[in-house]
Amino acid sequence: MRRQIPSPAALLTGALVLGLLSLAPVGRAQDGNSPDWRRRCLTPIKYRIGTLDARFGIPREDFQRRVEDAAEVWAAAAGRKLFSADAKGALEIDLVYDNRQEATEHVVAARIAIAEKIKAADAISDEALPMRNRVAVLDNSYSSQSSSYREALTAYNKIVAQWNAKGGAPEGERQSLDSQRLVLQKQEAQLRAMRQEQNLLIGDINTLVRRHNMLVDRANAEAKALNESGVVGVQFEQGRYFRQPGEEHIHIFEYESETALVVILAHEMGHALGIKHNGDPASIMSPLVHTKTPILTAQDLEGLKAACSPR
């Protein structure tokens, strides 16, 4: 089974869209023409867990469960047990660590780091949104109130100028003008407070914008470095089933997640049953791996039937 280490996608409108494709040629099977292949379906194939390189970081019991999950994929379809764990089983399943898994771990870690920066940048955008809304509300309110204030101030100054030209206003008129002046002063103070709040918010928003852009720039730089590292775009053989006189093995070389591991194991265990590749890209037994879930397609079921039905 083979898989390509793909690259992160391009940055779109300030957000990094990330994802590893699962398109790659898959591995080899024995041709299944020898008469003993169909006899393999009559009694469960006995398997044992062999060498698990500790660098994969998966405990033996967890790996055992993933093997059981993969075996159950075929057992559920066949309506009977097709694989059985046995310390003396002829089929040995191993985890073989080399540059393939090391490269995948590097890519996965880099993708996680990039995604975390984008997540933090998105959180900053969310934090800034209510502040932006408040600035817009203040701006609209300031515009309407300052317009009314300027009209009232102009009218007040005009009346004051008229009375000054006459040598002064009578007592009653002066008291009215004093009241108007106090109202205007209060309005002016409110407008100044509004502008001050708006400017403070704008300062806080600009600080958040700088943090946001710094995170996005770092994420872009890390994605670019990953794309140019020579790691992405390389095809890796994830697993291999092989059988020869005196030994039978499934070697797993590389996987990205435990769900992906189940798919790889199910594919290679399918070969152990004598199932050949098929042409459905969504199939577990497809030579081009698209599926990310261990679910059999109609062509997988046909392959199982062809491999296990007596002739």
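Bear in mind these aren't lab numbers, they're just calculated from the coordinates by the rules spelled out. Since we're looking at a predicted model, the values are computed, not measured. Because the Cβ atoms are built from the backbone with ideal geometry, glycine has one as well, and the counts that use them run over all protein chains shown.
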* To do: Just list whichever of LYS117/LYS292; LYS88/LYS292; LYS158/LYS186 have alpha carbons separated by over 22 Å in the model shown.
  => LYS117/LYS292; LYS88/LYS292
* Asked: Which semi-axes, in whole Å and largest first, does the equivalent ellipsoid of region 70-226 have when worked out from the alpha carbon gyration tensor as the square roots of 5 times its eigenvalues?
  -> 77, 19, 9
* To do: Fewest Cβ neighbours within 10 Å first, please rank THR297, THR104 accordingly.
  => THR297, THR104
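May I ask you to compute the full-extension gain from ASP94 to ALA76, defined as 0.36 nm times their residue separation minus their alpha-carbon distance, rounded to one decimal in nm?
Computed gain between ASP94 and ALA76 is 4.1 nm.
How high is the FRET efficiency from ASP62 to ASP86, r the C-beta distance, R0 22 Å, rounded to 0.05?
According to the calculation, E is roughly 0.70.
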* Asked: Label points 7 Å out from Cα along the Cβ direction at LYS224 and THR293: separation in nm?
  -> 3.8 nm
* Asked: How much length, in nm to one decimal, is gained on full extension between ASN206 and ALA161, taken as 0.36 nm per residue of separation minus their Cα-Cα distance?
  -> 11.7 nm
* Other-chain or far-sequence residues with amide H under 5 Å of TYR97's (modelled H) -> ASP53
* Just grab the label-to-label distance for LYS119 and ASN140, each label 7 Å out from Cα along the Cβ direction, in nm (one decimal). => 3.5 nm
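For region 252-305, what does the equivalent ellipsoid look like in terms of its semi-axes, each the square root of 5 times an eigenvalue of the Cα gyration tensor, given largest first in whole Å? Let's see the in-between values first.
Working: eigenvalues 61, 28, 16 Å².
Each semi-axis is the square root of five times an eigenvalue, giving 17, 12, 9 Å.
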